Amino acid sequence: MLVYRLYLVWFTIGCILVGFSLIPPWLEWANSVFLILAGLIAVRYAMHAFGNGKGLLMSIFIWIVTFSVEGLSAYFNVFFGNYDYTNRFPPLLFGVPIGIGFAWIVMVMAGHALTIRLKHRFSRAFFAALYVVLLDLILDPVAFVAKQYWIWEDNSAYYGIPASNFIGWFVVAFILQLLLPRTRENEPSVNMIKQMRVVFWTIVILFLWIAILSKLYLAFFVGVIGFLLLQFIRGAANDSQKI
């Protein structure tokens, strides 16, 4: 798939340009392209998993809901906490980066791919939401402290990011997982599951890389230890053979 290959190239370049802060202001839109490419892979995964129509509609639904929630949170300080987006993550729509909606499609579909072998719906939703929160424990410090894509106006021991943000991410991710339709028989394919997992883990690697370069050591170790523990626990809870 061309988009998947392009994503991998974009990821490799991004590790260098974003990691070492080499992106000039006029090229900052490239960050959104990275998320859009990842989002397109996630939409393709959804269409394979749930059928073309259901998968596309679910992806659009996730984009609209999460973009709206992010916008309401930024404007009215609800759901996640008190924060504001800057102009460093263009393009913006109503003051919210359009890449945010695509990022949520990725996280929801990646959560599905990572937990697809768990039999119970609530278990899948619970573990998928944990993956999303762990990613945010790395992502938010990088986006706020290192890159200033958004600015938190709260105070907390964890880089000034309130606990309500992580609770909000868990709740949104959990509910969206529960709303996903049933997968089609024998779908998605092993290859599609692997691609979706690769997208997720490359995003994790990118933010861990930026965290260590930006000396955000707490976020780095929280991410590494958290994902290792979650992988172990999810593996123990897996009711069938892993892919």
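Rounded to the nearest 20, the size of the Cβ-charge dipole of the stretch 1-129 about its Cα centre is 660 debye, with Lys and Arg at +1 and Asp and Glu at -1.
For the stretch 73-86, backbone phi angles converted through the Karplus equation (6.51, -1.76, 1.60; θ = phi - 60°) give residue-by-residue couplings of 5, 5, 7, 10, 6, 10, 6, 9, x, 9, 8, 9, 7, 9 Hz, Gly and Pro being listed as x. Ignoring the sites themselves, the chain has its longest run without chymotrypsin sites (Phe, Trp or Tyr not before Pro) in a DSSP loop having at most 11 other Cβ atoms within 10 Å at 95-243.
Computed from Cα atoms, the angle from the helix 121-141 axis to the main principal axis of the chain rounds to 20 degrees. Overall, the accessible surface of the stretch 44-189 at a probe of 1.4 angstrom is composed of carbon and sulfur to the extent of 65 percent.
A Förster distance of 51 Å, applied to the separation of the beta-carbon atoms of E153 and E185, puts the FRET efficiency at 0.55.
Positive-end ranking of N186, I225, A236 along the dipole of the stretch 104-243, with charges on Cβ about the Cα centre, is headed by N186. When only alpha carbons are used to place a centre, the stretch 183-236 and the stretch 67-99 end up 25 Å from one another.
About its Cα centre, the dipole of the chain is roughly 900 debye, where the only charges are +1 on Lys and Arg Cβ and -1 on Asp and Glu Cβ. A dipole drawn for the stretch 1-124 from +1 and -1 charges on Cβ atoms has a positive end, and of F102, F76, L118 the residue lying farthest that way is L118. For N82, the residues whose modelled amide H falls within less than 5 Å of its own, excluding neighbours fewer than 5 places apart on the same chain, are E153, D154. Stretching the chain fully between F20 and L92 yields a gain of 23.5 nm (0.36 nm per residue, less the alpha carbon separation). What's the angle, to the nearest 10 degrees (0 to 90), between helix 99-114's Cα axis and the longest principal axis of the chain? It is inclined by approximately 40 degrees. Per residue, the chain exposes an accessible area of 47 Å² to a 1.4 Å probe, with every protein chain left in place. Each residue, L213 and R5, gets one label point 7 Å from its Cα in the Cβ direction; the gap between the two is 2.6 nm.
With the helix formula -39500 (n - 2.57) applied to DSSP H stretches of n ≥ 4, the chain reaches a computed 222 nm mean residue ellipticity of -23000 deg cm²/dmol.
The values are calculated or read from the model by the stated rules, or taken from the named source; none is laboratory data. Computed from a prediction, not measured in an experiment: that's the story for all the values here. No Cβ is skipped: glycine too gets one built from the backbone with ideal geometry, and neighbour counts run over all protein chains shown. Remember, those area values only see protein heavy atoms, side chains included, never the ligands or the DNA or RNA. Shrake-Rupley method; radii C 1.70, N 1.55, O 1.52, S 1.80 Å.
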